[in-house]
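As structure tokens, the structure follows; a few thoughts come after it.
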Amino acid sequence: MRTTSERFESLSDDDEQWLSDIETMTLNLGQELSAWREARHRSVGDDDYAMDDEPADEGLHPAVGQADRAHHERPPAPIHSATIYPADMAGPATARQPRSTDQRTRTLIDHGRRSARPARRFRGRTMTVGVVLLAVTVAILAVLVFRKSPSWPASVATVQGEITTACENPDVASEPNQVNFACNKNTSQILWVFALMTSGNNPSFSDAKSGRQGLEPIAPAQGGEVAWTLNLHHPYNPLTPIDSLEVAARAINNIIGGATITASNGKLTVQPGLESNSTHCARYTGSAAVITRAGFPDICAQPVSAGAGQAALVSDVYQEWLVGSPPAAAQEAGVLFENAGNPGNPMVQAILRTLSGVAS
């Protein structure tokens with residue numbers, strides 16, 4: 001089967017031959033018309049000459065006049081232009097065109113064919129370049145489409161599913177201000193970000209030095225105290241992901257909104273949260289206004305703004321939750337939280353490379 005290029009060149013050759021034939025026919029018709037006009041002029045010219053000279057016989061010698069009349073009365077020589085032969089066919093000599101005309105015709109035809117060859121080669125080169133460019137474009141698109149894009153570790157998806165179940169507990173909000181930053185739809189990533197940074201999303205995590213177990217970065221004894229307020233089953237098991245995440249959510253909300261608890265003497269004790277400070281409120285919400293109520297922890301008058309305000313709050317919570325953590329780690333927690341939907345962020349990728357024990 002012929003290739004597209006061969007079929008294209010074949011069509012180009014046929015077109016070239018067709019144009020050449022038309023050009024030859026046009027030249028032959030022009031030559032025939034020229035010969036016919038020349039014969040016509042000669043015929044008309046001879047008749048006029050005979051008519052103009054006929055009266056001049058009156059003043060001549062009778063013999064001369066008769067001879068002259070006889071000369072003009074002879075029938076004209078036959079004109080062979082009525083039978084026109086093509087330039088390349090044999091025929092009467094009077095019908096053939098001079099050799100120079102044939103040479104010019106042949107030169108035009110040959111010249112046309114010579115100019116067609118470079119054009120055909122140019123078209124072939126253009127098609128080749130087009131095919132190469134198309135192949136390169138397809139290859140680049142394939143690399144971009146099928147290249148594996150940066151993503152969070154696979155364990156993040158597992159913890160996200162566990163967070164959905166844990167946040168079904170209605171008691172995870174802080175008391176009595178009912179702050180629920182940890183389980184809010186737009187901010188719940190704080191749970192898996194903290195779990196990723198402190199335990200590599202490993203529910204069986206155990207740190208002999210600090211005594212931490214499970215996903216949340218607090219000691220089991222502290223988690224047990226929080227568990228009482230969540231109406232959890234007893235005993236509390238920090239190695240169970242759902243239990244661990246419920247305790248983490250309640251602890252985060254208490255750190256942010258404060259809590260009112262019953263002291264050992266039976267009296268209520270108010271524990272302030274991060275939003276009890278006007279300076280913090282200005283940083284988180286853009287407003288320093290604070291709501292103060294008797295028996296309630298103070299809280300920011302405006303909701304925590306998105307973006308930088310939420311990231312700043314997450315960094316502060318991390319330092320309160322994981323006591324003794326360096327400020328750089330707290331900043332990293334804020335970066336991961338703010339870019340939860342953009343794992344390809346260069347800063348995110350740099351942080352992930354530094355985390356030890358991150359489950360893939």
Sole exception among (1) modelled with pLDDT under 75; (2) surrounded by 10 or more Cβ atoms within 10 Å (Cβ to Cβ) for Lys148, by number: (2)
Residue that is surrounded by the fewest Cβ atoms within 10 Å (Cβ to Cβ) [pool: residues in segment 165-187 that are over 17 Å from Gln271 (Cα atoms) and of a type in the set (S, T, N, Q)]: Asn186
Residue within segment 169-181 that is assigned to a helix (DSSP H, G or I), of a type in the set (Val, Ile, Thr) and modelled with pLDDT of 80 or more present: yes
Options Asn253, Asn345; residue that is surrounded by 18 or more Cβ atoms within 10 Å (Cβ to Cβ) and of a type outside the set (A, V, I, L, M, F, W, C): Asn253
Pairs, first over 21 Å from Val156 (Cβ atoms) and modelled with pLDDT of 80 or more in segment 227-253, second among the polar types (S, T, N, Q) and not in a loop (DSSP other than H, G, I, E, B), C-beta under 9 Å, six or more apart: Asn237/Ser244; Arg250/Thr229
Residue list for segment 310-338, restricted to those being surrounded by fewer than 20 Cβ atoms within 10 Å (Cβ to Cβ) and under 32 Å from the mean Cα position of the chain (by Cα): Ala311, Val335
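How many residues are free of Cβ contacts under 8 Å to residues at least 40 places away in the same chain and part of a helix (DSSP H, G or I) when one looks only at segment 331-347?
The initial filter retains those residues of segment 331-347 that are free of Cβ contacts under 8 Å to residues at least 40 places away in the same chain, namely 331, 334-335, 338-339, 341-342, 345-347.
In the following step, the residues that additionally are part of a helix (DSSP H, G or I) were identified as 331, 334-335, 338, 346-347.
Count: 6.
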Residue within segment 322-330 that is touching a His at 6+ places or on another chain (Cβ under 9 Å) and not in a loop (DSSP other than H, G, I, E, B) present: no
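The values are calculated or read from the model by the stated rules, or taken from the named source; none is laboratory data. For clarity, every value in this text was computed on a predicted model and none was experimentally measured. Backbone-built Cβ (ideal geometry, glycine too); neighbour counts: all protein chains shown.
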